[in-house]
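Let me begin by presenting the structure, written as structure tokens, before commenting on it.
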């Protein structure tokens, strides 16, 4: 079983250092581990327009890594 810090570090590597193309996607749990939030909080952020919307692939919601990085840059500038 991995600790919260190990999950965060893995998520950080994916989001901040991973290869980024127009089709690179990130799963909900990876985002939750990175931001240290629950899936419910992520849904609230999306509904409040404080976070980019997910893309639905089959029965899964995923986020484009390009959208996540753009959002993070926008927040960092604010």
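The figures follow:
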read-out: Residue 11 at pLDDT 95 or above and in contact with a strand residue (DSSP E or B) (Cβ under 9 Å, 6 or more places away or on another chain); value: no
read-out: Residues (surrounded by fewer than 14 Cβ atoms within 10 Å (Cβ to Cβ) and in contact (Cβ under 8 Å) with a residue 12 or more places away in the chain) located in the range 1-17; value: 4
read-out: Qualifying strands (runs of 3 or more DSSP E) (wholly inside the range 16-78; at least 2 residues being under 21 Å from residue 5 (Cα atoms)); value: 25-27
read-out: Output for the range 11-41, where each listed residue is in contact with a helix residue (DSSP H, G or I) (Cβ under 7 Å, 6 or more places away or on another chain) and over 18 Å from residue 66 (Cβ atoms); value: 32, 33, 36, 38, 39
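The values are calculated or read from the model by the stated rules, or taken from the named source; none is laboratory data. In this text, all values refer to a predicted model and were calculated from it rather than measured experimentally. Note: ideal-geometry Cβ built from the backbone for every residue, glycine included; neighbour counts use all protein chains shown.
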